[in-house]
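Undergrad: Structure below; questions to follow.
The values are calculated or read from the model by the stated rules, or taken from the named source; none is laboratory data. This one's a predicted model, so the numbers in the text were calculated from it and none came from an experiment. Heads up, the Cβs are rebuilt from the backbone with ideal geometry, glycines too, and the neighbour counts pull from every protein chain shown. Keep in mind that these areas ignore ligands, DNA and RNA; they rest on the heavy atoms of the full protein, side chains included. Shrake-Rupley method; radii C 1.70, N 1.55, O 1.52, S 1.80 Å.
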Amino acid sequence: MTMLNLFTKLKKYNKGNYRQFSFCYALSVILVSTLTLFMLSPFVQSRLPIGGDSRKMLYMVYAVAVLGCVLFIIYATGLFLRFKSREVGIFMALGTPKRVLAKTLTKEIVLLILKLGIAGIIIGGVIAFVFGKVYEGFVQSATGDSFSLPLTGFIGSFLFVTITVCIVMGMAVRFLKRANLIEILNEERRTEPIKKNVDTKYLVWGIILIAVGLLGGLIIPYIVSTMLKRSLSGFPYIFYVLVFIGLYRVMVYSIAVHKKGRHPQKYYKNLISFGMMKFQGISVVRNMLIVTLLIAGSLFAIFFSATNLIQGLGSAASEANDISYRYLGDAEKLTQEQVEKLAEDYQVGIDNYREAEFLRLLGSGVSRENYDKSGKLIEEYRKQDYIKNFISADEFERVTGIAVNVQPGMYQYISREGNNENYWFLPDDLDLVQNPDSGLQKPLSYAGTVEYSSFFYHYGQDGNANYILNDEDYAELEKGLSDEMHMTHILFDLSDTGDTYGFSKDLYARYCNSVSDSMKKMSAYDEYREATDSEYSYSELVEIEPERLGMEIDWKYAPVFVPIQEKSFVQSYATLLLIFIFVAIVCLVSAGVIGYTRSITVAIKSKSVLMDVKKLGADRTYLNRVLKEQVKKVYVLPTIVAVVLMFVYYTLTLWQNDGTITLNEYPMIAVNVLTCLAVCIYQYVLYRYSLKKAGKVIFEF
Amino acid sequence: MLKVNHLFKSYQTGKITYEVLKDVCFEVEKGEFVAVMGASGSGKTTMLNCISCFHSYDKGEITLNGCNLSKLDETEIAKVRNEQLGFVFQDFMLLDGLTVFENVCVPKVIRNEDYQPMEQKAATLLKMFGIDHIADKYPAEISGGQKQRVAVARSLMNDPLVILADEPTGNLDSRSSEAVIQAFIEAKKKLGATILMVTHDTFSASYCDRVIMMKDGAVDCELINKGDRKAFLEDILIVLKKLNGGDDNDNA
């Protein structure tokens with residue numbers, strides 16, 4: 001008979017505790033490995049947008065989910081060790097050396113979590129594979145690649161297991177290091193009262209810290225960047241720590257303070273439940289905080305997905321023309337006849353076919369890329385900044401039907417609806433234009449902005465900026481300009497009849513095959529900057545895949561085909577959406593399991609006190625009410641705080657982007673409200689279920 | 001006030017039946033302070049638990065002020081416990097998260113009674129038992145004797161017909177025990193309280209009006225206090241010695 005044999009035998013009598021720990025640990029490993037294996041798959045990685053906020057947000061939310069799972073494991077380990085304390089204490093009291101106990105406990109836990117870890121990774125792999133195959137069918141790969149589980153995903157999952165093994169072992173070692181035997185023996189029954197002196201001031205400071213944290217993290221960087229033109233780099237993130245501290249204070253106050261105030265009768269009504277909760281204060285607050293963070297994380301993931309989806313659908317709907325594409329002078333253009341012939345094959349009618357001529361001239365501008373050591377934005381005026389696009393006022397009016405009046409020596413900037421100015425690029429930065437072939441220069445002045453979505457490419461700045469010139473200025477500047485420096489912009493609409501998607505797909509492939517090499521460039525590419533900058537990094541040729549519809553490729557001359565955009569939008573964003581929704585589910589499941597486990601712990605801990613109260617004459621209705629009040633604490637405040645805080649934060653983010661809530665952001669806010677409602681319902685259902693189970697703990701055993 | 005008539009109670013462990021109470025009969029009059037004594041396993045706590053309705057019993061009848069307790073449903077039992085019985089336990093059973101004052105209020109809080117008379121009553125009881133200066137303290141901050149006096153005050157909150165005390169001095173030193181017994185005597189004198197106390201402590205029992213001696217699940221004999229406490233204490237010790245087969249292993 002060895003110590004390990006004894007532990008194994010004791011395990012049989014404490015199945016419930018082992019089951020709870022095993023469930024929590026395995027669930028965390030399954031969630032993390034599924035997410036890691038799915039996200040790191042080359043099939044998924046190749047479909048994520050390159051660079052940009054989405055990827056950053058995705059990794060941020062992934063980190064939140066992993067952190068949630070780590071916290072979840074820490075919580076489950078704490079509960080497990082607490083239950084183990086009595087066994088360990090008795091062995092110690094009987095003279096078992098700590099070294100022997102440590103070795104046995106370590107061996108038992110390591111064996112258990114390794115088994116769970118491996119099983120979790122295998123199950124996670126199966127889920128990720130099934131999920132990936134469903135996703136593969138959904139995005140319909142045109143290049144023939146297929147979803148497979150990556151080795152890096154398995155390495156990542158094993159890394160997670162290794163880290164969590166270290167955490168669990170660290171907690172076990174710390175647990176055994178304690179010298180006070182009586183403390184270890186009583187660990188299971190230990191109360192955790194809040195010893196802080198908590199008053200209204202404590203709460204008010206908590207709320208102030210939350211407000212300062214939120215506003216500081218969002219508004220201060222906005223004000224500093226727009227008004228002072230300075231960057232605070234990572235500094236604003238410090239403000240979010242204040243939110244965390246503030247949240248902790250609010251939670252502590254909700255548990256520790258129960259005042260008579262103006263409603264003494266109500267105060268006495270909840271006296272017992274409050275008194276009981278207060279004595280489990282620290283662990284309750286810790287749980288409430290974790291649940292709040294997990295719900296906030298899931299809401300952020302859903303809000304971000306919804307915003308992207310609505311934004312994407314909205315951008316397709318706001319296009320001025322169904323089809324819009326460009327050619328540089330050296331490309332072999334598809335002719336109008338070829339396009340019309342192709343349309344006939346798909347029984348599609350072409351309306352309003354127009355070709356707009358642009359000059360590509362060297363314009364002046366202001367470079368705003370870096371900050372100086374004090375964080376101030378460096379603004380450098382450049383006489384020769386980028387090759388920019390210019391259309392004559394007459395041509396613009398002919399093609400768009402929008403009347404413009406541009407005087408000689410003046411210009412107008414072309415923007416699109418909903419585009420808001422940012423301080424990196426200003427429409428009036430241009431004050432000089434030059435024909436790069438003849439060398440003719442012309443000073444210009446800004447005369448306002450005109451909106452036309454089809455003439456707004458990418459962010460409409462630097463080499464992608466479009467301007468309207470006076471007809472005479474245009475004619476003067478065109479003289480001696482080579483063919484390559486001309487650009488034709490083709491625009492037309494499609495009738496509602498026929499296979500518009502099939503036509504668009506075919507036209508896209510033909511367009512891709514007809515462009516010249518000088519057009520296969522990234523959106524940030526500029527030939528003038530390439531010629532003048534020895535370390536230019538945007539020269540690489542873009543690989544265009546005619547069969548892949550290329551919507552997510554960073555291509556300067558990417559066309560806008562509304563039928564494709566509409567149909568392929570969900571596919572283009574599917575990866576992102578799926579992962580975000582997956583992360584949201586991970587967070588919600590973790591929050592749910594923690595809430596449920598806490599409710600059961602509350603019931604177990606309250607049982608003896610409730611039985612005492614029963615002896616004093618409380619009936620079942622009263623005991624139920626006391627239990628309900630306690631379980632409510634686990635759910636209500638964390639849900640309300642997370643929902644309100646994340647909703648306010650996200651709405652402020654929408655506002656912060658451009659200093660206003662735009663019309664197309666209202667549907668996003670509406671979706672966010674519905675999401676909040678759904679999360680509240682989810683939490684309510686869990687609350688009811690937890691209450692029922694907690695009631696069973698109290699009354700049926 | 002309290003009548004126990006031919007009470008029988010047994011436990012079943014596997015196929016073996018243990019008779020714990022065998023035809024127990026006694027009465028407690030209004031305003032009486034009665035102790036129940038006997039060796040461990042004699043059935044005194046089981047009997048008290050039957051009166052408290054914590055345990056059911058096989059046969060017999062317990063009536064409180066004429067009401068048969070065995071006929072009550074769960075809600076009615078809770079009402080009786082709350083309004084007609086007061087409890088004092090060996091381990092005090094105070095709620096750690098509530099102050100002394102709030103703990104005393106608990107029996108009325110359970111019934112959600114009007115807070116103003118409740119607060120007045122609690123304040124009066126705290127003063128009566130000399131614990132008003134610790135009203136705002138938590139149980140962890142006061143002594144065992146003080147805790148038990150808080151429990152006595154709590155038991156009187158609803159003016160019960162009978163206070164049932166289970167080893168109230170069991171966890172206390174002699175000085176604290178005396179203070180608790182004095183609290184019971186005070187309650188009896190000033191409030192006319194009726195007290196039934198299960199105890200091992202002969203010193204505490206010597207303050208009672210009557211002592212019911214139990215042996216092997218039945219009432220063995222009753223001793224009446226004729227006014228001389230010391231003589232009564234001697235009587236109790238003699239009977240206990242006889243009940244224990246000649247060995248006085250009591251903690252008097």
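Undergrad: In the range B:69-83, which residue that is out of contact with any Leu (no Cβ under 7 Å at 6 or more places or on another chain) and β-branched (V, I, T) is most open to solvent (accessible area, probe 1.4 Å)?
TA: B:T75
Undergrad: Determine whether A:Q336 is free of Cβ contacts under 8 Å to residues at least 24 places away in the same chain, open to solvent by 40 Å² or more (accessible area, probe 1.4 Å), away from chain B (no Cβ under 14 Å) and out of contact with any Gly (no Cβ under 6 Å at 6 or more places or on another chain).
TA: Yes: the conditions hold for A:Q336.
Undergrad: Name every residue in the range B:135-170 that is surrounded by fewer than 20 Cβ atoms within 10 Å (Cβ to Cβ) and either among the hydrophobic types (A, V, I, L, M, F, W, C) or part of a loop (DSSP other than H, G, I, E, B) (or both), in order of residue number.
TA: B:A135, B:D136, B:K137, B:A140, B:I142, B:S143, B:D159, B:L161, B:G170
Undergrad: With respect to the numbered conditions (1) in a helix (DSSP H, G or I); (2) of a type in the set (G, A, S); (3) under 24 Å from B:M1 (Cβ atoms), which one is the sole condition not fulfilled by B:G86?
TA: Looking at each condition in turn, B:G86 falls short on (1).
Undergrad: Considering only residues of the range B:102-122 that are more than 7 Å from chain A (Cβ to nearest Cβ) and among the charged types (D, E, K, R), which is nearest to the chain's Cα centre (by Cα)?
TA: Per the criteria, the residue is B:K108.
Undergrad: Every residue in the range B:69-101 that is more than 8 Å from every other protein chain (Cβ to nearest Cβ), closer than 24 Å to B:I131 by Cα and acidic (D, E), please.
TA: If the condition is that a residue be more than 8 Å from every other protein chain (Cβ to nearest Cβ), closer than 24 Å to B:I131 by Cα and acidic (D, E), then B:D91 is the only one that fits.
Undergrad: Give me the residue from the range A:491-505 that is open to solvent by less than 20 Å² (accessible area, probe 1.4 Å) and not small (G, A, S) and, out of that set, farthest from A:A320 (Cα to Cα).
TA: Checked the range A:491-505; the qualifying residue farthest from A:A320 (Cα to Cα) is A:F503.
Undergrad: If you go through the range A:481-502, how many residues are in a helix (DSSP H, G or I) and either among the aliphatic types (A, V, I, L, M) or touching a strand residue (DSSP E or B) at 6+ places or on another chain (Cβ under 7 Å) (or both)?
TA: 3
Undergrad: Something else about it: So B:L125 ticks every box in (1) within 13 Å of chain A (Cβ to nearest Cβ); (2) at pLDDT 90 or above but one. Which box is left unticked?
TA: (1)
Undergrad: Criterion first (assigned to a helix (DSSP H, G or I) and crowded, with 21+ Cβ neighbours inside 10 Å) does A:I564 satisfy it?
TA: Taking the combined requirement at face value, the residue satisfies it.
Undergrad: Further, regarding this structure: Could you please tell me which pairs satisfy a Cβ distance under 7 Å, a separation of 6+ or placement on different chains, a first residue in the range A:67-89 that is within 19 Å of A:G297 (Cβ to Cβ), and a second residue that is in a helix (DSSP H, G or I) and of a type in the set (F, W, Y)?
TA: Pairs that qualify, where the first residue is within 19 Å of A:G297 (Cβ to Cβ) and the partner is in a helix (DSSP H, G or I) and of a type in the set (F, W, Y), are A:I73/A:Y25; A:A76/A:F21; A:A76/A:Y25.
Undergrad: Another one. Identify the residue in the range A:462-480 that is in a strand (DSSP E or B) and under 36 Å from the mean Cα position of the chain (by Cα) and, among all such residues, is surrounded by the most Cβ atoms within 10 Å (Cβ to Cβ).
TA: A:Y467
Undergrad: Also: Consider A:Y682 carefully, then state whether it is among the aromatic types (F, W, Y), part of a helix (DSSP H, G or I) and touching a Leu at 6+ places or on another chain (Cβ under 7 Å).
TA: When the stated conditions are applied, A:Y682 passes them.
Undergrad: Tell me whether the range A:601-620 contains one or more residues that are within 34 Å of the chain's Cα centre (by Cα), more than 14 Å from chain B (Cβ to nearest Cβ) and at pLDDT below 85.
TA: For the range A:601-620, residues within 34 Å of the chain's Cα centre (by Cα), more than 14 Å from chain B (Cβ to nearest Cβ) and at pLDDT below 85: present.
Undergrad: Taking the range A:259-296 on its own, how many of its residues are touching a residue at least 60 places away in the same chain (Cβ under 8 Å), over 30 Å from A:L67 (Cα atoms) and either part of a helix (DSSP H, G or I) or hydrophobic (A, V, I, L, M, F, W, C) (or both)?
TA: The qualifying residues number 4.
Conditions (1) within 19 Å of the chain's Cα centre (by Cα); (2) part of a strand (DSSP E or B); (3) at pLDDT below 90, marked per residue:
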position: B:T17; (1), (2), (3): no, yes, yes
position: B:V20; (1), (2), (3): no, yes, yes
position: B:V24; (1), (2), (3): yes, yes, no
position: B:I62; (1), (2), (3): yes, yes, no
position: B:S70; (1), (2), (3): no, no, yes
position: B:A78; (1), (2), (3): yes, no, yes
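Undergrad: Within 14 Å of chain B (Cβ to nearest Cβ), open to solvent by 10 Å² or more (accessible area, probe 1.4 Å), part of a helix (DSSP H, G or I) and over 29 Å from A:F83 (Cβ atoms): is that true of A:Y649 in this structure?
TA: The answer is no for A:Y649.
Undergrad: Here's another thing I want to ask about it. Out of A:Q412, A:Q407, I need the residue that is buried (at least 18 other Cβ atoms within 10 Å of the Cβ) and over 22 Å from A:E527 (Cα atoms). Which one?
TA: Answer to the check: A:Q412.
Undergrad: Kindly provide the set of residues from the range B:128-155 that are within 14 Å of chain A (Cβ to nearest Cβ) and touching a Pro at 6+ places or on another chain (Cβ under 7 Å), ordered by number.
TA: B:K147, B:R154
Undergrad: Of the residues that sit in the range A:527-561 and are within 24 Å of A:Y501 (Cβ to Cβ) and part of a helix (DSSP H, G or I), which one is modelled with the lowest pLDDT?
TA: Applying the filter and picking the extreme gives A:R548.
Undergrad: Could I ask something else about it? Which of the following residues is of a type in the set (V, I, T) and within 23 Å of B:F8 (Cα to Cα): B:V198, B:V180?
TA: B:V198
Undergrad: Of all residues in the range A:249-289, which are more than 12 Å from every other protein chain (Cβ to nearest Cβ) and open to solvent by 20 Å² or more (accessible area, probe 1.4 Å)?
TA: Residues satisfying the conditions are A:R249, A:V250, A:Y253, A:S254, A:V257, A:K259, A:G261, A:R262, A:I282, A:R286.
Undergrad: Something else about it: Of all residues in the range A:82-103, which are among the hydrophobic types (A, V, I, L, M, F, W, C), part of a helix (DSSP H, G or I) and open to solvent by 10 Å² or more (accessible area, probe 1.4 Å)?
TA: A:F83, A:I90, A:F91, A:M92, A:A93, A:V100, A:A102
Undergrad: Which one of A:Q45, A:Q20 is open to solvent by 40 Å² or more (accessible area, probe 1.4 Å), modelled with pLDDT of 80 or more and not small (G, A, S)?
TA: After applying the criteria, what remains is A:Q20.
Undergrad: Just checking, which of A:I661, A:I640, A:I669 is outside any helix (DSSP H, G or I) and surrounded by fewer than 20 Cβ atoms within 10 Å (Cβ to Cβ)?
TA: Among A:I661, A:I640, A:I669, only A:I661 is outside any helix (DSSP H, G or I) and surrounded by fewer than 20 Cβ atoms within 10 Å (Cβ to Cβ).
Undergrad: Restricting to the range B:84-98, give me the number of residues that are surrounded by fewer than 19 Cβ atoms within 10 Å (Cβ to Cβ) and over 18 Å from the mean Cα position of the chain (by Cα).
TA: Looking only at that region, the number is 1.
Undergrad: Find the residue count for the range B:18-68, including only residues that are without any contact (Cβ under 8 Å) to a residue 60 or more places away in the chain and open to solvent by less than 10 Å² (accessible area, probe 1.4 Å).
TA: 1
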